[in-house]
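The values are calculated or read from the model by the stated rules, or taken from the named source; none is laboratory data. Since we're looking at a predicted model, the values are computed, not measured. Neighbour counts are summed over all protein chains in view; Cβ atoms, including those assigned to glycine, are modelled from backbone coordinates with ideal geometry.
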C-alpha cells in the first residue's frame, strides 16, 4: 500500500506541472503593461492567467513568471515561449519543483518536494525520475541509486530508520534480483530477492555466527540446505517457511 501511495503522489505531480504556454501572437491585445514584443512586460490571457517578464519577438524569452488561473506559479527561464532552463514551479497543494526544464517539461537535475514530506533529488527526463537520484520519505526511509519512470529501478541502496539496509537490484520499485540485506543486530542475508522479500537461493548469517545456505521463500528459509555452526560443523537441514522440520545431522554421521 505504501509503495502505491507514493506512486500516486508522484504521478499527480506531473498533472500539476503539465501544460504548455499559450500562442502569444494570437492575442496581442493581452499586453497590459510594458513592452510585450521586445522588452519587459505583463501579458494577461483571456482566462485570467498572467505572464510577467521579458519578451523577444512577441514571446517570452529570458526570465519571467507565469501565474496560472488555478494558483500554479512558474518562475524561471524561457526560450522561444517555452519553459527551458532553470526554474521553480509551485502548486496550490504544496508540491514544489525546482530545477531544469526543457520545452515545458522537467529535464536534467532537480528537486521535487511533495505535500506528504517525500523529497526526490536527482535526474529527470520527460517529466519523470530518470537516471540517478535520492528519495527521502516521511518515515525517514532513504533510497539512493538508479531510477526510471518515477520508480526505483536498477542498482541502489535503501536504508530504514531502525538501521536496516539493502543494497542491490531493484525492478519497478521493488527489491528484485541480487542483493545484500543487513539487520541492526548484525544478521545478514545475501542472495536472490523478489517482490521485496528473500526468494531463491541465498545465504543467511545470524549474529551468533550460524550460517544457512539454501533456498528461501517469501523471506524465510524454505527447502533443503546446509547449516554451518560457529564451530565449523556442517549439517543438512530442511525448512518449511522458516520452521526446521528435520533433526539436523552432521554430514558424514552414520
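From the list 121, 102, which residue is modelled with pLDDT of 95 or more and farther than 29 Å from residue 39 by Cβ? Give the steps one after another, and end with the answer.
Numbers: 102 fails: farther than 29 Å from residue 39 by Cβ.
When all the criteria are applied, what remains is 121.
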Taking the criterion of being at pLDDT 95 or above, within 23 Å of residue 149 (Cβ to Cβ), assigned to a loop (DSSP other than H, G, I, E, B) and in the same structural domain as residue 117 (by TED's automatic domain parsing), would at least one residue in the range 73-92 satisfy it?
yes
Given 117, 145, 122, which one is in a loop (DSSP other than H, G, I, E, B) and within 26 Å of residue 164 (Cβ to Cβ)?
117
Where a residue in the range 98-123 is outside the structural domain of residue 88 (by TED's automatic domain parsing) and its partner, wherever it lies, is part of a strand (DSSP E or B), with Cβ under 6 Å and at least six apart
none
Positions within the range 26-45 being at pLDDT 90 or above, surrounded by fewer than 16 Cβ atoms within 10 Å (Cβ to Cβ) and not in a strand (DSSP E or B), in sequence order
35, 37, 38, 39
Matching residues in the range 148-158 - criterion: being surrounded by fewer than 20 Cβ atoms within 10 Å (Cβ to Cβ) and either outside any strand (DSSP E or B) or not assigned by TED's automatic domain parsing to the domain that holds residue 123 (or both):
149
Selection within the range 46-63 - loosely packed, with under 15 Cβ neighbours inside 10 Å and either closer than 15 Å to residue 73 by Cα or at pLDDT below 95 (or both):
46, 47, 48, 57
